[in-house]
Amino acid sequence: MAQPRPHPSAASTMPHGVVCGVCGTESRQVPFRAAAPEQAPDLDLRPGHPVRGTMARWLQQCPHCGYSAPDITQAHPAAAQAVGAANFRALLNDASHPPLARRFLAWALVLEETGALHAAAEATLHAAWTADDLNRTDLAAAWRREAVALWRSGPSLDAEQRVRVVDALRRAEAWDDAADTAHALLRESPPEAVAQVLMLELRLIEAQDTGRHSVATALPPPSRRPHVSHQKSIKRGEGLRGWLKRLFGR
């Protein structure tokens, strides 16, 4: 299964009936179109405002079987097996987790079952973002560690994704692992923009700073206010420098 790229926005249309690709149940769901965040993303690429506040609408969820996805009418053949598994049912009923986080974690379980480990890592990171918003630092740290494990279990990561791993480890207070990962990438002489972000990460690690920081902190935007094209991740082969050039118009 290809990595999902849900593009939520504040713009929406009226709810309409859709049929779940797993169980066949019809429900009313609201579709969303992409929007352009007007602020720089965080170092882990969580979009800036206003898009960052629309997470509750990034995924649809079937009210009958609990299948969650950007579009529940589409389902990988392995999705039914994942949705029927005991751990999936237990997750849906786990009241200790925020409801929105459960939706992202449910999607992550489906993706993991299909072998899309990097996409499962993204969904798990999104669950951590919901925990951030609720000030549930314990859950946010745990889900960031899970996201890192999924990233590392999948295919080799490029330099830009490894920067995100460093950020997730830092925010999960895995200081030694975060520093070691950053130093290892720096020894590979990455592009200048990547190196600048890593140097910022190392300063934050040294200070044991677990807070969110934006890409603009490492690479300040030009004097004009940036208008960011909506990007959930860097295009393959483009590199962080090229992505930032599009991001800030420089």
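Taken together, the values in this text are just the output of simple stated rules run on the coordinates, not laboratory data. Since the model is a prediction, treat every value here as computed from it, not as a measurement. Note: ideal-geometry Cβ built from the backbone for every residue, glycine included; neighbour counts use all protein chains shown.
One table, with the values for the structure above:
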item: Point-charge dipole on Cβ atoms (K/R +1, D/E -1) for region 82-153, about Cα centre, debye to 20; result: 60
item: Trypsin sites (Lys or Arg not before Pro) restricted to DSSP loop in region 33-89 with at most 16 other C-beta within 10 Å; result: ARG33
item: For region 154-168 and region 75-105, distance of Cα centres in Å; result: 26
item: Loop-located GluC sites (Glu not before Pro) in region 104-197 whose Cβ has at most 15 other Cβ within 10 Å (DSSP); result: GLU173, GLU188
item: Student exercise, region 43-136 dipole from Lys, Arg, Asp, Glu Cβ charges, in Debye to nearest 20; result: 220
item: Dipole of region 83-217 [Lys/Arg +1, Asp/Glu -1 at C-beta], most positive-end residue of VAL83, ALA128, ALA140; result: VAL83
